[in-house]
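Q: A single structure is presented below for examination.
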Amino acid sequence: MNAFAKHALAALALVFSLSLTSCDRENAIAPGRPEAGETVPRPTGNTPNDGPVSVFKKYTLVKYGHWQLTYDNTGDLVKKQSTIDPTLFREYSRASNGSGMTILDMNGGKMSGKTLILFDGKGRAKESFITKYGFANGQQTAVTTRFAYQYNADNRLEKITNLDNGNHYFLFTYNGNGDRSKVEMYNSGKKTVTTYTYVGFNQPLIPDYNRMNLAWMPLYDKIDEHLPIYGKANKNLPRNLEFLDVPSGQVTDKVSYKYNLNADGYILQREETRQTAGQTLVDTFSFDYIVSMGL
């Protein structure tokens, strides 16, 4: 059996399994199994970090900026919907056999994208089939691209490769703390580099308890910011990002972050200041949680 046939059979098996899972899904906001933002429980204020631990606070992110997050009764994220435009949302469906999941993007009552993700034996994204929908001459168009995900020995995402174009890929580099320090993006000979910094003058490291996947364009459709399926997350929150176009040597974008944290170290508010094309743009994102106690 050739490689393409194997991929097609795996995708068909996943779709069938997803169809069974979607029938049982409950659309209720409920804290349950930790998602990307809750993988590291924080001890309560009166529990020493280096002593016996009996009770933890568990944070479930339910609102992020204008996005409302909905979970099923097991704690899996099933929907992310805009509170500004409710026709703009993303739905998540998982295969009952654990082989993968599907992400559907809706906009204005029409499907704008669909991503089928296959997992490896450790539950990480192994391969994705990303379909973009559009309209041309009154007809719906659909273009699907396949991507493969590779991880290093430390279980960190190392490379994403376009399986339909070997000259299109992304390389990920990490610093000694295990934080992502650089992403190199190659596309048919063109190279751009994104660098991340975590400390500044009189600015210490900020532990990242939210564990979101911070990914700018053009990685939005390849790395979902909420799903814990891409290996280990960062240990610390980034303070700055810089985008460099290598052929021209021009810095095209700079982004700086300021955080307002609660007593347990979770983000209450994140301010993003972006300098691009001679303009300065400032966005503020608020974070709301359901907090529960657990052992």
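Q: Among the numbered criteria (1) modelled with pLDDT under 95; (2) not in a strand (DSSP E or B); (3) not charged (D, E, K, R), which one does Gly134 miss?
A: (2)
Q: Further question on the same structure: Quick test for you: out of Thr141, Thr173, pick the one residue that is of a type outside the set (Gly, Ala, Ser), without any contact (Cβ under 8 Å) to a residue 40 or more places away in the chain and over 30 Å from Leu205 (Cβ atoms).
A: It is Thr141.
Q: For residues that are surrounded by fewer than 16 Cβ atoms within 10 Å (Cβ to Cβ) and over 25 Å from Arg146 (Cβ atoms), tally how many sit in the stretch 168-179.
A: Number of matching residues: 4.
Q: Which residue is surrounded by the most Cβ atoms within 10 Å (Cβ to Cβ), if the candidates are limited to the stretch 180-203 and must be touching a residue at least 24 places away in the same chain (Cβ under 8 Å) and outside any strand (DSSP E or B)?
A: Among those residues, the one meeting the criterion is Tyr198.
Q: Pairs, please: C-beta under 7 Å, at least 6 apart or cross-chain, first residue part of a strand (DSSP E or B) and in the stretch 227-248, second aromatic (Phe, Trp, Tyr) and surrounded by 17 or more Cβ atoms within 10 Å (Cβ to Cβ)?
A: Going by the 7 Å Cβ cut-off, the qualifying pairs are Gly231/Tyr151; Asn236/Tyr198; Leu241/Tyr196.
Q: Out of all the residues in the stretch 210-219, is one or more modelled with pLDDT of 95 or more, assigned to a loop (DSSP other than H, G, I, E, B) and surrounded by fewer than 19 Cβ atoms within 10 Å (Cβ to Cβ)?
A: Within the stretch 210-219 (the criterion being modelled with pLDDT of 95 or more, assigned to a loop (DSSP other than H, G, I, E, B) and surrounded by fewer than 19 Cβ atoms within 10 Å (Cβ to Cβ)), the answer is no, since none of the residues qualifies.
Q: Would you point out the residue of the stretch 266-295, among those that are small (Gly, Ala, Ser) and in contact (Cβ under 8 Å) with a residue 40 or more places away in the chain, that is surrounded by the fewest Cβ atoms within 10 Å (Cβ to Cβ)?
A: For the stretch 266-295, the residue satisfying everything is Gly294.
Q: Might you let me know whether the stretch 108-126 holds any residue that is under 30 Å from Val291 (Cβ atoms) and charged (D, E, K, R)?
A: Yes, the stretch 108-126 has at least one match.
Q: Let me ask something else about it. Considering only residues of the stretch 65-122 that are within 30 Å of Glu271 (Cα to Cα) and of a type in the set (Gly, Ala, Ser), which is surrounded by the most Cβ atoms within 10 Å (Cβ to Cβ)?
A: If we take residues in the stretch 65-122 being within 30 Å of Glu271 (Cα to Cα) and of a type in the set (Gly, Ala, Ser), then Gly113 is surrounded by the most Cβ atoms within 10 Å (Cβ to Cβ).
Q: Go through the stretch 157-170 and give me each residue that's assigned to a strand (DSSP E or B) and either in contact (Cβ under 8 Å) with a residue 60 or more places away in the chain or among the acidic types (Asp, Glu) (or both).
A: Matches in the stretch 157-170: Leu157, Glu158, Ile160.
Q: Turning to a different aspect of this structure: For the stretch 204-226, give me each residue that is hydroxyl-bearing (Ser, Thr, Tyr) and either within 25 Å of Lys57 (Cα to Cα) or in contact (Cβ under 8 Å) with a residue 60 or more places away in the chain (or both).
A: Tyr209
Q: Kindly indicate whether Leu237 is crowded, with 17+ Cβ neighbours inside 10 Å and modelled with pLDDT of 90 or more.
A: Answer is yes for this residue.
Q: Among the residues of the stretch 254-268, is any touching a strand residue (DSSP E or B) at 6+ places or on another chain (Cβ under 9 Å), assigned to a loop (DSSP other than H, G, I, E, B) and under 28 Å from Glu127 (Cβ atoms)?
A: no
The values are calculated or read from the model by the stated rules, or taken from the named source; none is laboratory data. What you are looking at is a predicted structure, and each value in this text was computed from that prediction instead of being measured. Reconstructed Cβ throughout: ideal geometry from the backbone, glycine too, with neighbour counts over all protein chains shown.
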